[in-house]
Amino acid sequence: MGIFSFFKKDKSESIVDFTVNDLKKGFMIDYFIKTWEVKKVYIYDWGNNCFAREYLLDSGDESLYLYVEDDDGLICSVWKKINLLEIQSDLVEIIIANDDAPNKIHYNNNIFTKKESSPGHCMEEGKDEQYSELISWTYQNTDNKELISITRVGEEEFEASHGNYAKEFEFSNILPR
């Protein structure tokens, strides 16, 4: 072994380009001119062998959720939690009374139409807990650029999120911590 052998690269060493499908807790990712850390990973089981992942991303001054589903190609969407009362003050009562969400909702002066209703299960990766049963209603506005998600976990726990579709190439510099 010569003195310069130390500086030569090992040919068996491989460089890995990580994608959004490879994200794990603690990974760093660049999106929209910010660096984000993956704080939590959620796994969704929608049945019929359909799975998705959701990542809680934190940039230090804001948080958002990256939802990734592989349905004949990656479908990515970025979400921020919103107050359910901003959509409609009696929305929870309507859902409980009808055991379903309404077909149309209003948010930020836009009309959103229900696109799908998805019963499934969710769990946080790395936790020994069992899956939580849920139902999620997804809405889209008329120009198909904005999304609203309303999720019911159990009987009386509700969440709402506002989001939009994102392209996989918008996420870069994906690195483990």
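The values are calculated or read from the model by the stated rules, or taken from the named source; none is laboratory data. Here the structure is a predicted model, which means the values were calculated and not measured. Cβ atoms come from the backbone with ideal geometry, glycine included; neighbour counts cover every protein chain shown.
Before moving on, here are some points about what is shown:
- Members of the range 75-106 found to be hydroxyl-bearing (S, T, Y) and either surrounded by fewer than 13 Cβ atoms within 10 Å (Cβ to Cβ) or part of a helix (DSSP H, G or I) (or both), listed by number: S89
- Checklist (1) part of a loop (DSSP other than H, G, I, E, B); (2) over 21 Å from S118 (Cβ atoms); (3) not hydrophobic (A, V, I, L, M, F, W, C) applied to G47, failing item: (2)
- Test: residue in the range 119-135 that is touching a strand residue (DSSP E or B) at 6+ places or on another chain (Cβ under 7 Å), in a strand (DSSP E or B), at pLDDT 95 or above and of a type in the set (S, T, Y): no
- None of T138, T151, T113 is hydroxyl-bearing (S, T, Y), more than 21 Å from Y42 (Cα to Cα) and not in a helix (DSSP H, G or I) except T113.
- Filter result for the condition that a residue is within 30 Å of D17 (Cα to Cα), of a type outside the set (S, T, N, Q), touching a Ser or Thr at 6+ places or on another chain (Cβ under 8 Å) and surrounded by 10 or more Cβ atoms within 10 Å (Cβ to Cβ), over I174, I148: I174
- Condition check for Y42 on (1) under 21 Å from G126 (Cβ atoms); (2) buried (at least 18 other Cβ atoms within 10 Å of the Cβ); (3) of a type in the set (S, T, Y): one failure, at (2).
Yes or no, residue by residue, for (1) touching a residue at least 40 places away in the same chain (Cβ under 8 Å); (2) touching a helix residue (DSSP H, G or I) at 6+ places or on another chain (Cβ under 8 Å):
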| position | (1), (2) |
| --- | --- |
| N110 | no, no |
| E116 | no, no |
| E129 | no, no |
| E133 | no, no |
| R152 | yes, yes |
| F158 | yes, yes |
| G163 | yes, no |
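- With respect to (1) surrounded by 14 or more Cβ atoms within 10 Å (Cβ to Cβ); (2) at pLDDT below 95; (3) not acidic (D, E), the lone exception for Q140 is condition (2).
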